[in-house]
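Visitor: Sharing a structure here in structure tokens format.
The values are calculated or read from the model by the stated rules, or taken from the named source; none is laboratory data. Everything quoted here is computed from the prediction, not taken from an experiment. Cβ placement follows ideal geometry from the backbone for every residue including glycine, while neighbour counts extend to all protein chains displayed.
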Amino acid sequence: SAPLRVLGIESSCDETGIALVECAPAGEPQGVPRLLAHALHSQIEMHQAYGGVVPELASRDHIRRVVPLLRETLAASGLGLEAIDVVAYTRGPGLAGALLVGAGMGCALGLALDRPVLGVHHLEGHLLSPFLSADPPEFPFVALLVSGGHTQLMRVDGVGRYELLGETIDDAAGEAFDKTAKMLGLGYPGGPALSRLAEQGDPAAHALPRPLMKTDNLDFSFAGLKTAVWTRMQRLEAEHGQPIAADGMARPRADLAASTQAAIVDVLLNKSLSALRRTGLKRLVVAGGVGANRRLREQLDEACRRRGVRVHYPELHLCTDNGAMIALAGAMRLQSGQAVAERHYAFDVRPR
Ligand code: KG4
Ligand code: ZN
């Protein structure tokens, strides 16, 4: 019978994303859903002047972008509105006002087209995003979810069958990147900037703490690292008599960036290996914005190769927020019978 086409809408934070995926209908041989088209607008430039995401500005910009991005997606797919069978939107977590834009758009489309809608968990989108890569994983696997708001290790046995193995007790890994980058004067979002700067520094220059790395649970903590970086920075500034962001401080700044990145990656690597050991699984999926980090990928690849573990990543451009992962998660939920799209059109959002 006809394939099922799911439109995905992402608006939880500072990216507006729309995408269309196609999958086999529920109950038929499944295979991995196929991405037909997607369009994305990042608000990063707009928020940069403020050093972080301004929620009210984010909502307003989502409002400006959703319709043009929907048109762009449809044009790229060569399909019309009537080709949409189900609308999936990000229900949360995220900024309430921003989420409401996507939910409102999704429900309006559903109501106008008489199609059911489905709220999707943002993290499930990240978690399943490697299924859109050229090398999709197979269940079961361990997932390392590392984004700006979350750091979790999970055992994943199938769609909707997730067991939390450990998570951060304070800051997320992306937050650790962003906050330390801000201290070093690298602006927002700090992750990519810090990792670029780190390429020029010595990761062994500073022995920074690896919080909780040697404990036998799978929880993370990054707040202490932030404080340690702050202390080192103060010491460097006093030593050189210049602020860390000064031109003359390029070398110490790069060394501190490299050491910070090394500490974060070391913790993520070690906890991931513990999770693999503990579950006995031979497959690892890495997802979320920090999954784009080059050092993390290199070290995971190397460690997993030696242990006979397969590692899967989303395509680089699907690591950070996007509509494709939301359409995909909606499609996989429907296919597997783990969710039913409904005609409630209730703008149901769950910011937390
Ligand atoms: O998944 P994501 O786009 O949004 C959330 O759901 O949070 O992740 C964004 C996070 C930010 O903290 C950003 O600094 C970080 O991912 N990030 C990186 C890199 N690219 C993005 N962190 C380290 N290295 C990168 N290359
Ligand atoms: Zn995200």
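Visitor: Can you tell me which of (1) buried (at least 24 other Cβ atoms within 10 Å of the Cβ); (2) closer than 19 Å to VAL340 by Cα is the one PRO3 doesn't meet?
Guide: So PRO3 meets the others, but not (1).
Visitor: Can you go through GLY104, GLY97, GLY119 and tell me which one is outside any loop (DSSP other than H, G, I, E, B) and buried (at least 22 other Cβ atoms within 10 Å of the Cβ)? Steps first, please.
Guide: Working: GLY104 fails: buried (at least 22 other Cβ atoms within 10 Å of the Cβ); GLY97 fails: buried (at least 22 other Cβ atoms within 10 Å of the Cβ).
Just one listed residue meets the conditions, GLY119.
Visitor: Could you give every pair whose Cβ atoms fall below 6 Å, whose first residue belongs to the range 190-202 and is over 21 Å from ILE44 (Cα atoms), and whose second residue is of a type in the set (Asp, Glu) and at pLDDT 95 or above, counting only separations of at least 6 or pairs across chains?
Guide: From residues that are over 21 Å from ILE44 (Cα atoms), the pairs are GLY201/ASP255; ASP202/ASP255.
Visitor: Tally time: how many residues in the range 134-149 are surrounded by fewer than 20 Cβ atoms within 10 Å (Cβ to Cβ) and within 16 Å of ligand 1 (Cβ to nearest atom)?
Guide: 1
Visitor: Taking the residues in the range 269-308 that are β-branched (Val, Ile, Thr) and within 16 Å of ligand 2 (Cβ to nearest atom) as candidates, determine which candidate is surrounded by the fewest Cβ atoms within 10 Å (Cβ to Cβ). Give the derivation first.
Guide: Step one: of the range 269-308, the residues β-branched (Val, Ile, Thr) are 279, 285-286, 290.
Checking the rest, the ones that are also within 16 Å of ligand 2 (Cβ to nearest atom) come to 285-286, 290.
Details: VAL285: 27, VAL286: 25, VAL290: 28.
Step by step, filter the range 269-308, then rank; the result is VAL286.
Visitor: Still on this structure: Hey, among VAL265, VAL285, which residue is within 22 Å of GLY125 (Cβ to Cβ), touching a helix residue (DSSP H, G or I) at 6+ places or on another chain (Cβ under 6 Å), modelled with pLDDT of 95 or more and not assigned by TED's automatic domain parsing to the domain that holds GLU10?
Guide: Working: VAL265 fails: within 22 Å of GLY125 (Cβ to Cβ).
Criteria check complete, one pass: VAL285.
Visitor: Among what's in the range 15-33 and is more than 17 Å from the chain's Cα centre (by Cα) and modelled with pLDDT of 95 or more, pick the residue that is farthest from MET325 (Cα to Cα).
Guide: Here the answer is GLU22.
Visitor: Here's something else I'd like to know. Search the range 19-43 for residues being of a type in the set (A, V, I, L, M) and within 16 Å of ligand 1 (Cβ to nearest atom), and hand back the single one that is farthest from ALA329 (Cα to Cα). Outline the logic, then answer.
Guide: First, the residues of the range 19-43 that are of a type in the set (A, V, I, L, M): 19-21, 24, 26, 32, 35-37, 39-40.
Those still in the list that are within 16 Å of ligand 1 (Cβ to nearest atom) too: 19, 40.
Details: ALA19: 12, LEU40: 17 Å.
Result: LEU40.
Visitor: Only one residue in ASP321, ASP266 is away from ligand 2 (no atom under 16 Å from the Cβ) and acidic (Asp, Glu). Which one? Break it down stepwise before answering.
Guide: Details: ASP321 fails: away from ligand 2 (no atom under 16 Å from the Cβ).
Selected residue: ASP266, the only one of ASP321, ASP266 that is away from ligand 2 (no atom under 16 Å from the Cβ) and acidic (Asp, Glu).
Visitor: Taking ARG283, is it within 16 Å of ligand 1 (Cβ to nearest atom) and under 28 Å from ILE326 (Cβ atoms)? Quick ask: steps written out before the conclusion?
Guide: Working: within 16 Å of ligand 1 (Cβ to nearest atom): no; under 28 Å from ILE326 (Cβ atoms): yes.
Answer is no for this residue.
Visitor: For residues in the range 123-163 being hydroxyl-bearing (Ser, Thr, Tyr) and at pLDDT 95 or above, which is farthest from ligand 2 (Cβ to nearest atom)? Working first, answer last.
Guide: Filtering the range 123-163 for residues hydroxyl-bearing (Ser, Thr, Tyr) gives 129, 133, 147, 151, 162.
When the remaining residues are screened for being at pLDDT 95 or above, the result is 129, 151, 162.
Working: SER129: 10, THR151: 12, TYR162: 16 Å.
Here the residue is TYR162.
Visitor: If LEU165 meets every condition in (1) surrounded by fewer than 22 Cβ atoms within 10 Å (Cβ to Cβ); (2) within 13 Å of ligand 1 (Cβ to nearest atom); (3) hydrophobic (A, V, I, L, M, F, W, C) apart from one, which number is that one?
Guide: With (1) surrounded by fewer than 22 Cβ atoms within 10 Å (Cβ to Cβ); (2) within 13 Å of ligand 1 (Cβ to nearest atom); (3) hydrophobic (A, V, I, L, M, F, W, C) applied to LEU165, the lone miss is (2).
Visitor: Considering only the range 284-310, state which residues are part of a helix (DSSP H, G or I), under 14 Å from SER195 (Cβ atoms) and either over 16 Å from the mean Cα position of the chain (by Cα) or of a type outside the set (Gly, Ala, Ser) (or both).
Guide: Pass one, the range 284-310, residues part of a helix (DSSP H, G or I): 289-292, 294-307.
Filter once more, keeping what is under 14 Å from SER195 (Cβ atoms): 289-292, 294-299.
Answer for the range 284-310, where residues must be part of a helix (DSSP H, G or I), under 14 Å from SER195 (Cβ atoms) and either over 16 Å from the mean Cα position of the chain (by Cα) or of a type outside the set (Gly, Ala, Ser) (or both): VAL290, ARG294, ARG295, LEU296, ARG297, GLU298, GLN299.
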